[in-house]
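Quick notes on the structure that follows.
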Amino acid sequence: MPKPGELTFVAPRGAKKPPRHLADLTPAERKEAVAAIGEKPFRAKQLSQHYFARYAHEPEQWTDIPAGSRARLQEALLPELMTVVRHLSTDQGTTRKTLWRLFDGTLVESVLMRYPDRVTMCISSQAGCGMNCPFCATGQAGLDRNLSTAEIVHQIVDGMRALRDGEVPGGTSQAGGSGGGPARLSNIVFMGMGEPLANYNRVVGAIRRLTDPEPDGLGLSQRGITVSTVGLVPAIHRFADEGFKCRLAISLHAPDDELRDTLVPVNTRWKVREVLDAGFEYAAKSGRRLSIEYALIRDINDQAWRGDRLGRLLKGKPVHVNLIPLNPTPGSKWTASRPEDEKAFVEAIAAHGVPVTIRDTRGQEIDGACGQLAASER
Ligand code: SF4
């Protein structure tokens, strides 16, 4: 029986399971897995140290583990999960998108964005997406499968390694700074391919691995993590009870059910009012402001009266509206709003005292919208 919030209507195509990996397991399960292959349980801690604290997943780097045990431990707990198909960089190298090939040939993407004062990584939680939003490249291709916890976590482990090794420039106070040397990851957003709350257990497992202290996990702050959802109401309620301090972002894209039913088809199941109420409940329990994501699409959802309606819905609530100029997908009829319409939309929201900003759209020249790189590779 699925638990409340576990969705059954997005069953992945294809049944092959990714190999089990250290990052799929709790610290206690790692010890059991190590013991099951005849190794001393403390090797689990050593492996965790190598993976989560040193980003060292090659056996020759594990000099504190006898050479005779390394291959066995690697096979049992650190199999190769994914390989880089290619990196694409823009913004003087400060934005780097990675296309990954998973063990079964599935493609997913992650993006690292280095700013002068912070580094944000946008990761995928599913290969493809079953939510079918008509303006989105990922939605057009459908869902391949859920990613495992380790496949989610590894995108970040590799990003942290790349930052440590100085592979992503930036970090100076000059615009688009070059140089900058090594850096630490400050923010993670689940805004790449997929609907995170449709892969609930693995995403929650990934948040635990990301935020457990080293060496059990990566030791990152829950406050630096944003989970973005189209509004799967039972899963939002369940997420609110996890006790996380992560930020929740709701991809609203329309303040009225009539339009939202067409832009975000899951709205036919859970309406705007229900979705917002679930989001406000999460904000109350987590103590974090709710983010409202709204892709501005020319002549579709960018009328000032819709901005006014959105402002009315959100007035006095602990929210922040992020407007996203749409990054058109090739061959799509959907395109970004005119500057004057964008301005009028912002003013209509702000007139209700609701904080609103227009999101920086990094990486557009490298197919920066979620799923575009994988879609072009297919
Ligand atoms: S916009 Fe997000 S939820 Fe909608 S289809 Fe694309 S990836 Fe899925």
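Descriptive notes on the structure:
- Filter result for the condition that a residue is at pLDDT 90 or above, surrounded by fewer than 18 Cβ atoms within 10 Å (Cβ to Cβ) and not assigned by TED's automatic domain parsing to the domain that holds residue 241, over 15, 36, 44: 36
- Condition met for residue 213 (in a loop (DSSP other than H, G, I, E, B) and in contact with a helix residue (DSSP H, G or I) (Cβ under 6 Å, 6 or more places away or on another chain)): no
- Residue match in segment 188-209 (condition: surrounded by fewer than 17 Cβ atoms within 10 Å (Cβ to Cβ), touching a residue at least 24 places away in the same chain (Cβ under 8 Å) and either aromatic (Phe, Trp, Tyr) or in contact with a Lys or Arg (Cβ under 7 Å, 6 or more places away or on another chain) (or both)): no
- Considering segment 147-170, and only residues there that are surrounded by fewer than 24 Cβ atoms within 10 Å (Cβ to Cβ) and farther than 18 Å from residue 189 by Cβ, the residue that is nearest to the ligand (Cβ to nearest atom) turns out to be 148.
- Screening segment 275-305 for residues that are within 16 Å of the ligand (Cβ to nearest atom) and assigned to a loop (DSSP other than H, G, I, E, B) and picking the one that is surrounded by the most Cβ atoms within 10 Å (Cβ to Cβ) gives 301.
- Among residues of segment 129-144 that are within 20 Å of residue 101 (Cα to Cα) and near the ligand (Cβ under 7 Å from one of its atoms), those with a Cβ under 9 angstrom from a residue that is among the aliphatic types (A, V, I, L, M) and modelled with pLDDT under 90, sequence gap 6+ or separate chain, pair up as 129/10; 129/141; 138/369; 138/374; 138/375.
- Across segment 215-232, a minimum of one residue is classified as among the hydroxyl-bearing types (Ser, Thr, Tyr), in contact with a Lys or Arg (Cβ under 6 Å, 6 or more places away or on another chain) and within 16 Å of the ligand (Cβ to nearest atom).
- Candidates 36, 44, 67, 71, filtered to the one that is within 20 Å of residue 215 (Cα to Cα) and over 21 Å from the mean Cα position of the chain (by Cα): 44
- Sole residue being of a type outside the set (Ser, Thr, Tyr), within 30 Å of residue 45 (Cβ to Cβ) and crowded, with 21+ Cβ neighbours inside 10 Å, chosen from 143, 112, 107, 102: 112
- Flag if residue 247 is surrounded by fewer than 23 Cβ atoms within 10 Å (Cβ to Cβ) and either in contact (Cβ under 8 Å) with a residue 60 or more places away in the chain or within 14 Å of the ligand (Cβ to nearest atom) (or both): no
The values are calculated or read from the model by the stated rules, or taken from the named source; none is laboratory data. It should be emphasised that the depicted structure is a prediction, and the values quoted were computed from it without experimental measurement. Don't worry about glycine lacking a Cβ; one is built from the backbone with ideal geometry, like all the others, and counts go over all protein chains shown.
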